[in-house]
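Here's the structure, in structure tokens; my notes come after.
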Amino acid sequence: MSDPSESLIRSRFPELSGEQVARAAAFREALELENSRQNLTRLVGPEGFVEGHLRDVVELERSGALQAGGRYVDLGSGGGVPGLLSSLLYGRRWILVEAERQKAEFLSQRVEGWAMHDTEVIHGRIESILARLGPVSGIAVRAVGKVEKLYSWLDRCSTWNTLILFKGPNWGLEWAEFQGGRFGRFLEATQDHQYETLDSEPRLRRILTLRRVPRGTN
């Protein structure tokens with residue numbers, strides 16, 4: 001029996017192939033099952049998953065923020081969005097960083113179970129592991145915290161130059177607050193990809209690409 005979310009996925013994202021639809025549905029099923037063991041997300045039903053998780057990953061791909069052949073970090077991966085799902089659907093290279101051991105174990109099980117050889121899971125805090133990862137194409141963050149806090153974690157590591165943030169309609173206020181703070185001159189916005197969810201209560205979402213400004217240039 002097919003997953004009840006498959007028809008919804010096909011109708012919302014007609015550009016996805018049959019294999020991609022099946023993989024997205026399999027991801028939702030695994031997420032729902034694991035959510036009965038630990039609290040990963042409240043969005044596991046078909047509609048919640050499609051508009052709360054899958055849309056972010058599809059819009060990330062549509063935005064062009066990810067470079068071909070790039071290697072990206074998913075900071076605070078949790079249930080695997082965006083990194084694990086992006087890798088499963090589009091073959092992107094991701095490093096999933098998760099500080100909570102049980103969540104990291106779930107991610108590792110899925111990576112192994114789906115034979116995702118270009119996806120790596122690391123249990124730990126980003127401050128202690130980023131330097132040893134070597135250069136990465138960017139760091140994606142969804143629902144972890146404000147940009148001020150994120151940058152304070154990443155400031156002293158030189159292995160990254162791009163942040164990709166998933167934000168809501170209040171981003172303008174958050175960005176203005178950051179620019180007025182102690183790190184404000186060290187990041188510049190290069191892309192703002194905006195979209196709306198298509199559920200019963202549409203919400204504005206944004207994928208921001210921020211570039212690091214070398215300290216010697218400001």
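Before moving on, here are some points about what is shown:
- Dipole axis of the chain (+1 Lys, Arg; -1 Asp, Glu on Cβ), positive-most option in Gly52, Gly180, Phe27: Gly180
- Rounded if a/c under 1.5, otherwise prolate or oblate - the range 48-152, Cα gyration tensor axes: rounded
- Taking a Cβ cut-off of under 15 Å around Leu133, the surrounding Lys, Arg, Asp and Glu residues balance to a net charge of 0, with basic ones at +1 and acidic ones at -1.
- DSSP-loop trypsin sites (Lys or Arg not before Pro) across the range 89-157, with at most 10 other Cβ within 10 angstrom: Arg156
- Dipole magnitude (debye, nearest 20) for the range 102-178, charges at Cβ of Lys, Arg, Asp, Glu: 100 debye
- Simple Cβ-charge dipole of the chain, Lys/Arg +1 and Asp/Glu -1, about Cα centre, in debye nearest 20: 840 debye
- Antiparallel bridge percentage (DSSP; both residues within the range 67-217; nearest 5): 45 percent
- Neighbour-limited loop hits for trypsin sites (Lys or Arg not before Pro), the range 1-79 (at most 14 other Cβ within 10 Å; DSSP other than H, G, I, E, B): Arg37, Arg42
- Calculated P(r) of the range 103-194 - Cα pairs past 24 Å, %: 31 percent
- Nearby aspartates and glutamates by direct alpha-carbon distance to Lys149 (threshold 19 angstrom, same-chain neighbours under 8 apart not counted): Asp74, Glu98, Glu100, Glu127, Glu174, Glu177, Glu188
- Between the range 82-114 and the range 120-184, the alpha-carbon center distance in angstrom: 19 Å
- Rg/Rh for the range 42-82, where both radii come from Cα atoms and Rh is the Kirkwood radius: 1.02
- Label point distance in nm, Ser200-Asn35, each placed 7 Å from Cα along Cα→Cβ: 1.5 nm
Values in this text are rule-based calculations from the coordinates and carry no lab data. From a predicted model like this one, the values you see are computed outputs, not experimental measurements. Cβ coordinates were reconstructed from backbone atoms using ideal geometry, including for glycine residues, and neighbour counts include every protein chain displayed.
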